[in-house]
Amino acid sequence: MGFAVAIVFIVLAVVVALGAVKIVPQGREFTVERFGRYTRTLKPGISFLTPFVEGVGRRINMMEQVLDVPRQDVITKDNVSVQVDAIVFIQVMDAAAAAYRVTNLDFAITQLTMTNLRTVVGNMELDEVLSQRDQINTRLLDVIDQATSPWGVKVARIEIKDLQPPPDITNAMARQMKAERERRAVITEADGEKQAAITVAEGQKQSAILQAEGRKEAAFRDAEARERSAQAEAKATELVSNAIADGDVNAINYFIAQKYVEAFGKLAESPQQKTVIVPADMASLMGSIAGIGEMVRTARTEPPRPPREEPRPPYARGPAVPPTTEA
């Protein structure tokens, strides 16, 4: 009998010891209640409780969790029904607040997110809802984070998973997108043709400018050549005139022969002239040419002539006296 009582006491002592020692795993925290009242929070590791007085109240997950927000129909500002769902990333920061300030934490956050999602999307038009998901996420995050702060929860992110407009709206959007892309294609093609026309016009303009500058330069050079030719012609005429004035018959023959040869050459070069009539009196032409050669030889061999003196009258006697100039 005594041995049985001893065994009972040993088993009771083991049970009490096991109930007093608590091991909290990493990523979780336990709340301690004394006669049903919260006293403290157990951190990860080993802890000891007072037997028959203290006990573990709630086991709280302190790791970041993902809550799935169910799909729901939302009416936008322009009266279009859109199906929206989302996900919420939360993390408990205060185990006691999360355990004793809200009954069902996950359900409360889910319902709060759904309500605010309808509010945010309902104040936007369909185009804004489809194009401004980041803005929706930011507004939801601000509202949900402030609402869950008393519960000891930090809302890290809220993301819109899917937005599904009605089928007829989707078809209309597809047609609109197709028309918009066709319009952009037409505009792009028109811009390309415009740029090509501008480039061609610029090229023609530059070509015309260069051609005009070339004609200007050619005209300037032609004028300069004609001027120099005229100067040479005037100089030659002057020399011939001086020679004629000095009584040189060969100069006259040179001048006449040059004009004769030029006229005969033009007559032979005429495209309409099929028959060339050669003058019978070629002796005069040959004589003129011979005179030209004689003039050239004379100009090379003879010394310069002295100035020509005026003939004296028959009645004048004695040497010529230069005229005197009166004061």
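Things to note:
- Cβ-Cβ contacts under 8 Å between residues 6 or more apart (or on different chains), taken from a first residue in the stretch 32-44 that is over 16 Å from Ala20 (Cα atoms) to a second residue that is assigned to a strand (DSSP E or B) and among the hydroxyl-bearing types (Ser, Thr, Tyr), are listed as Tyr38/Thr31.
- The set of residues in the stretch 29-75 that are at pLDDT 90 or above and outside any strand (DSSP E or B) comprises Lys43, Pro44, Met62, Met63, Glu64.
- Residues within the stretch 145-178 that are more than 20 Å from Asp73 (Cα to Cα) and in contact (Cβ under 8 Å) with a residue 12 or more places away in the chain, tallied: 10
- Boolean, Lys161 is more than 24 Å from Arg133 (Cβ to Cβ) and among the basic types (Lys, Arg): no
- Per the listing Gln26, Gln111, Gln83, the residue uniquely of a type in the set (S, T, N, Q), outside any helix (DSSP H, G or I) and under 30 Å from Pro165 (Cβ atoms) is Gln83.
- Any hit, the stretch 141-155, residues being touching a Lys or Arg at 6+ places or on another chain (Cβ under 9 Å) and more than 30 Å from Glu33 (Cβ to Cβ): yes
- Any chance Ile46 is surrounded by fewer than 19 Cβ atoms within 10 Å (Cβ to Cβ) and of a type in the set (Val, Ile, Thr): yes
The values are calculated or read from the model by the stated rules, or taken from the named source; none is laboratory data. The model shown is predicted, which means the values in this text are computed figures rather than measured ones. Every residue, glycine among them, receives a Cβ derived from its backbone with ideal geometry; neighbour counts consider all protein chains shown.
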